[in-house]
Amino acid sequence: MNRWVRLGILAISLVIFGWVGLGHVLGRTADDKAYKSLVVYSEVLQKIQQDYVDEPNMHLVEAGSLHGLLESLDSESSYLTPREYVEYKQKASSWGTGETGLNLSKRFGYIIVTSVLPDSSADKAGLHSGDIFESVAGFTTREMSIGQAQNLLSGQQGTGVKVGVIRRGKTDPDEVELLRTKLAPSKLIVQKIDNDTLALRFPSIDAGRAEEVRTRLQEASKQGVTRIILDLRDCGRGSIPEAVAIARLFATSGNLTTLKGQTVPEQVFSADPAKVVWKGPVSILIDGTTTGAAEVLAASLANTKRGDLVGDRTFGLASEQKLISMDDGAAIILTVANYYNADGKSILEEGVTPTEVVHAGANNADDGDDGDDSASSNAQKEAPVTPRPLSSEDPLLRKALDLLKNPVKKAA
């Protein structure tokens, strides 16, 4: 870094902090803590510039610090540099943009797969929930935000992108190439379990899904079906208003969920008796691959005591984000409100807890877990197990059927 660049950075810093300092003196800075944090931030930057072993690239240092600042809040908040934001807007507005079918979050400082859309290139490549991405498109995901990863994974249809995948039980990444494609809307999967039981499996909760569920429930009632199973495993996409609309097809009374944030007025979503089409028994299958809108649906039915939640704690992603543009061309994706369970705990922080705990991966000998619910819960939060197809071997399905047929056993 030459002398003139140093002087330029110093001059800009003096102007910024002079302005902030004047505002502070005049009472224009509302929060003393923010001002003090800015002073500390300035001091840290100065020490890095003066004392680091090599002359640092201050643009990269600044971008890295802003990435870390947003990610320290939660896994869904992120910072986009001006260049990343331009790419983000271009891909969002282009009809020719393809994707890989991955639903992502962050754990251990790396990008992690929470679920995979059926028939997507990620599904065909054998990716599963719990897979950790060591790299995306040649860039390490260490400290990479969700927004950055999604930017890199999306692109022109027909093009490929390579990911370094660390699979369960392995330490070295496998390189996998994914094809970006335009995905067709996922379909609701309907499966007759027995003469009295119908299962509805949700790959996603897209717009129009509530009306589709309504139709299926009405048909099931005409066919003599008396019990419904909602399978929300591997459901990682969708509209939360659509999830609320689905919950209202079942819940006759009570509050479904609550949305609130520091600047978002509290909004309570209530059941609507006029919209109920199914009053029979219901069981809901959930686990660590259940995220977002599916979590709100599960929580809504649990909050209104409409049915048993069978399985493992959900991942914890149900929240609202806001895209905010910055003056320098950058942007932040900021979590501005959370959805809440009946106990007042946010789904983003706590997930949704099942009423009947069933560990689908309990037969994995390498887990070394001897029924320790706490350890199992932590493992589920970190690396959920992909659910098996509905079959007689599915432990969650077996438990759900038992609860539906023998409701008196619920308190056992």
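The values are calculated or read from the model by the stated rules, or taken from the named source; none is laboratory data. Everything numeric here is computed off the predicted structure, so don't read it as measured data. FYI the Cβ positions are ideal-geometry reconstructions off the backbone, even for glycines, and counts take in every protein chain you see. Protein only, heavy atoms only, side chains kept; ligands, DNA and RNA dropped before computing areas. Shrake-Rupley method; radii C 1.70, N 1.55, O 1.52, S 1.80 Å.
Brief remarks on what is shown
- Take the convex hull of the alpha carbons in the stretch 213-313; its mean projected area over all directions comes to 6.7 nm².
- Entries in 187/305; 89/345; 106/279; 33/260; 124/275 that, when Cα-Cα distance is taken, lie over 30 Å: 89/345; 106/279; 124/275
- When you count the other C-beta atoms within 10 angstrom of each residue and take the mean per peptide, 243-250, 90-97, 73-80, 325-332 line up highest first as 243-250, 73-80, 325-332, 90-97.
- Listed peptides 168-178, 307-317 appear in the order 307-317, 168-178 once ranked by packing, highest mean of other Cβ atoms within 10 Å at the front.
- Cα radius of gyration and Dmax for the stretch 32-89 (Å): 13.5, 38
- Between the C-alpha center of the stretch 252-308 and that of the stretch 97-174 there is a gap of 30 Å.
- Label-to-label distance, residue 167 versus residue 73, with points set 7 angstrom from Cα along the beta-carbon direction: 3.7 nm.
- Near residue 198: Cβ cut-off under 12 Å, other residues only, Lys/Arg at +1 and Asp/Glu at -1. The net charge is +1.
- Legend: P(r) of the stretch 95-225 from all alpha carbon pair distances, 10 Å bins from 0, whole percents, reading 12, 36, 25, 17, 9, 1.
- The peptide list 395-404, 206-215, 268-277, put in order of mean Cβ contacts within 10 Å with the highest first, becomes 395-404, 206-215, 268-277.
- Cα→Cβ-extended label distance, 7 Å offset, between residue 191 and residue 108, nm: 2.9 nm
- A simple spin-label model places the labels of residue 402 and residue 32 6.0 nm from each other, with each point 7 Å out along Cα-to-Cβ.
- The length gained by stretching the chain between residue 262 and residue 179 to full extension, at 0.36 nm per residue less their Cα-Cα distance, is 25.9 nm.
- Spatially proximal lysines relative to residue 192 (Cα-Cα < 16 Å; intrachain offsets below 8 disregarded): 222, 405
- Heavy-atom accessible surface of the stretch 221-319: percent carbon and sulfur, 1.4 Å: 47 percent
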